[in-house]
């Protein structure tokens, strides 16, 4: 969350709870806690709080309780199970990001070997080291695509 978004949330609180104090220091303090959270998740939590009969302004823990930080959401998303659309292997999304470039290179070389009438089994190509794949690709395709493996 950006600091301006923190200030915006605090203004919404002030609108509903006139006794709520907003100072530059308070914005800094709130932002220090809220900066790691997605703005819209905290805003939704504030909307829920405003629907209650509570006559006191929300505290930070009222807004962050049960909300995941951006880092937590990222970590969770990397654990989603996905399938490579080239080789159909099952893996986590985090693994897929590293896998796809090499798999694309293997797929390209395998198809090229078929087109040249010297089909090399895909499983055999997969066992080649990156340096060998780069050399083969340079020889038969042109520019190596191994740049994708470094993304």
Do we have any residue at all in region 100-111 that's in contact with a strand residue (DSSP E or B) (Cβ under 9 Å, 6 or more places away or on another chain) and under 30 Å from residue 125 (Cα atoms)? no
Filter result (in a loop (DSSP other than H, G, I, E, B) and touching a helix residue (DSSP H, G or I) at 6+ places or on another chain (Cβ under 9 Å)) within region 33-69: 35, 36, 37, 38, 54, 57, 58, 65, 66, 67, 68
Output for Cβ contacts, cut-off 6 Å, separation at least six or different chains, first residue at pLDDT 95 or above in region 47-60, second in a loop (DSSP other than H, G, I, E, B), reads 49/58; 57/17; 57/20
Residue 42: passes all of (1) surrounded by fewer than 17 Cβ atoms within 10 Å (Cβ to Cβ); (2) assigned by TED's automatic domain parsing to the domain that holds residue 9 but (1)
Is there any pair with a first residue in region 13-40 that is closer than 29 Å to residue 74 by Cα and a second that is loosely packed, with under 12 Cβ neighbours inside 10 Å whose Cβ atoms are under 7 Å apart and which are 6 or more apart or on different chains, and what are they? 36/71
Would you confirm, using the coordinates I've provided, whether residue 93 is in contact with a strand residue (DSSP E or B) (Cβ under 9 Å, 6 or more places away or on another chain) and modelled with pLDDT under 90? yes
Of all residues in region 92-109, which are under 20 Å from residue 129 (Cβ atoms) and without any contact (Cβ under 8 Å) to a residue 24 or more places away in the chain? 95, 99, 103, 107
Check region 73-87 and report whether any residue there is touching a helix residue (DSSP H, G or I) at 6+ places or on another chain (Cβ under 9 Å), on the phi < 0 side of the Ramachandran plot, free of Cβ contacts under 8 Å to residues at least 12 places away in the same chain and in a loop (DSSP other than H, G, I, E, B). yes
Output for region 18-32, where each listed residue is within 15 Å of residue 59 (Cβ to Cβ) and exposed (fewer than 15 other Cβ atoms within 10 Å of the Cβ): 19, 21, 22, 26, 29, 32
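The values are calculated or read from the model by the stated rules, or taken from the named source; none is laboratory data. Just so we're clear, the structure is a prediction, and the values are computed from it rather than from any experiment. Note: ideal-geometry Cβ built from the backbone for every residue, glycine included; neighbour counts use all protein chains shown.
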